[in-house]
1. Taking only protein heavy atoms into account and a 1.4 Å probe, give the accessible area per residue of the stretch 1-99 in Å².
2. Which one is right for this structure if Cα Rg over 2.2 N^0.38 Å is calculated from it: [x] 1.08; [y] 1.01; [z] 1.18?
3. For the stretch 235-288, which GluC sites (Glu not before Pro) are in a loop by DSSP, counting at most 14 other Cβ atoms within 10 Å?
4. Can you give me the C-alpha center-to-center distance between the stretch 179-198 and the stretch 85-110, rounded to a whole angstrom?
5. In deg cm²/dmol and to the nearest 500, what is the mean residue ellipticity at 222 nm of the chain if only DSSP H runs of at least 4 residues count, each as -39500 (n - 2.57), divided by the residue total?
6. State whether the stretch 179-279 is rounded, prolate or oblate according to the following rule on the C-alpha gyration tensor (a ≥ b ≥ c being the square roots of its eigenvalues): a/c under 1.5 gives rounded; otherwise a/b larger than b/c gives prolate, and the remaining case gives oblate.
7. Go ahead and run the numbers for FRET between L253 and N7, Cβ-Cβ distance against an R0 of 45 Å, rounding to 0.05.
8. From the square roots a ≥ b ≥ c of the eigenvalues of the alpha-carbon gyration tensor of the stretch 1-132, which class results: rounded (a/c under 1.5), prolate (a/b over b/c), or oblate?
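The values are calculated or read from the model by the stated rules, or taken from the named source; none is laboratory data. This is a predicted model, so every value here is computed, not measured. Positions of Cβ are generated from backbone atoms using ideal geometry, with glycine treated the same way; all protein chains shown enter the neighbour counts. Ligands, DNA and RNA are excluded from the accessible area calculation, which covers all protein heavy atoms including side chains. Shrake-Rupley method; radii C 1.70, N 1.55, O 1.52, S 1.80 Å.
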Amino acid sequence: INKMAANYFYYQLRTESGAQAMQYLKSRQLDDETIKRFALGYSSKYSDDLFRYLKMKGYSEEMIIKAGLVNVDEKHGVYDKFWNRVMFPIMDVNNRVIGFGGRVMGDGKPKYLNSPETLIFDKSRNLYGLNFARSTKKPQLLLCEGYMDVIALHQAGFDNAVASLGTALTSGHANLLKRYTKNVYLTYDSDGAGVKAALRAIPILKEVGITTKVINMKPYKDPDEFIKALGAEEYQKRIDTAENSFMFEIRILEQQYDMHDPESKTKFYNAVAEKLCTFGEKLERDNYIAAVADKYMIGIEDLRRLVNQYGAKIGM
């Protein structure tokens, strides 16, 4: 059913009624090959178009409801979940369509709508774009926030980009990533929400043994904007200079303290010492103590003493 729906949306995009959606994709600078590769489509303005089409193809109402393609309520009866949206088919690693994301045309809410969880669509165990990225030759996977970021990166030659599906990163995602790589570079939005999402993702990735770095998107909001403005070569430079995830965490932590105030500065060093205790392996902890001492102009022995004090408290 999902495959048939994807074909239907794909066809609709190329009709007269899909012209606005096609125009939108072109305005986002996507070329025909990319639109085809990601099987992008359009759900028409008629709110039962897909439902009628699938019924005509012989699928039962019950199956169409199970696939998450329609909503049912007393007032409206059965109607399409997606209408007047640009459609992004979501595929599993084996290229099977398991769900959809849809971006509204115009100002409707919500801007992005995803398929509900179904028998075949588990958001916490699938990543958008992994069906392509799994065969990349690049040494890491790039983890983004949205569909458009993944598509823009692939179009620019970064075939190693994936995104979690409108949900925060889970341990299920982390374990899935681990099957394909040991290195994940976070390329989240540079705003406050993106920073928060990165801080949440880092320990989840660390937990399964993935080495994580953080790509700096500034002065742009996301990879899509960045590449449009500065191009693939500059983005590659950002990959090459990506920040160690622990040093990123410390840098964000520093923003909570006034480093010109001795008391506040001391509190910052204490918070850092506490964080350094999370490294179980002595060699790794020592390397980070050296890196932090060097960056934040604190005597390495002073910092080590502080870490040991915290370690003694928690029985490290």
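1. Here the per-residue accessible area is 54 Å².
2. [z]
3. Taking the stretch 235-288 and a limit of 14 other Cβ atoms within 10 Å, the loop GluC sites (Glu not before Pro) found are E281.
4. So the two Cα centres are separated by 21 Å.
5. Working: 14 runs with 150 residues, N = 316.
The helix-only estimate for the chain comes to -14500 deg cm²/dmol at 222 nm.
6. Taking the square roots of the gyration eigenvalues as a ≥ b ≥ c, the stretch 179-279 is oblate.
7. Computed FRET efficiency for L253 and N7: 0.35.
8. Details: a/c = 1.58, a/b = 1.16, b/c = 1.36.
Oblate, since a/c reaches 1.5 and b/c is not below a/b.
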